[in-house]
Amino acid sequence: MDTFEAIQNRRSVKHFDPEHSFNPNETRRLLEASMLSPTAFNMQNWRFVVVSNPGLRQDLRTVGYDQAQITDASLLVYVVMDRTAHSDRPERLLEGCRSGGWRADGQHDGRLLRRQR
């Protein structure tokens, strides 16, 4: 399947078999594949929270507009952002900005604008 076919044929699944479950190996593989997703400046500031407790899932469903998939899906993973992920290597933000044409004084050198012409 090529990229455009995947985009055109994508769908949102809203109904799940509540009896189905992923085994630990499948869950690990899904999370590992998710961690391959790109992030700006390779900050990898996403965090994946697997929610398996049925009571907590019901509470989340209550605040999640009563969406059945919150309780019925085999696997519930919340993707959250670590707002401090840059603090371990703040220089990567600076490196990324400089490679994009931003100078230390906050001005842009125009490289991106010239490339678009």
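Miscellaneous remarks
- FRET efficiency for GLN44 and ASP2, using Cβ-Cβ distance with R0 set to 25 Å, rounded to 0.05: 0.35
- Listed residues ASN45, ASN25, ILE70: farthest to the positive end of the dipole of region 1-72 (Cβ charges): ASN45
- Amide H partners (placed H, <5 Å) of LEU76, local residues excluded: VAL51
No value in this document is a laboratory result; all are computed from the given coordinates. Small disclaimer: the values here were computed from a predicted structure and weren't measured. Positions of Cβ are generated from backbone atoms using ideal geometry, with glycine treated the same way; all protein chains shown enter the neighbour counts.
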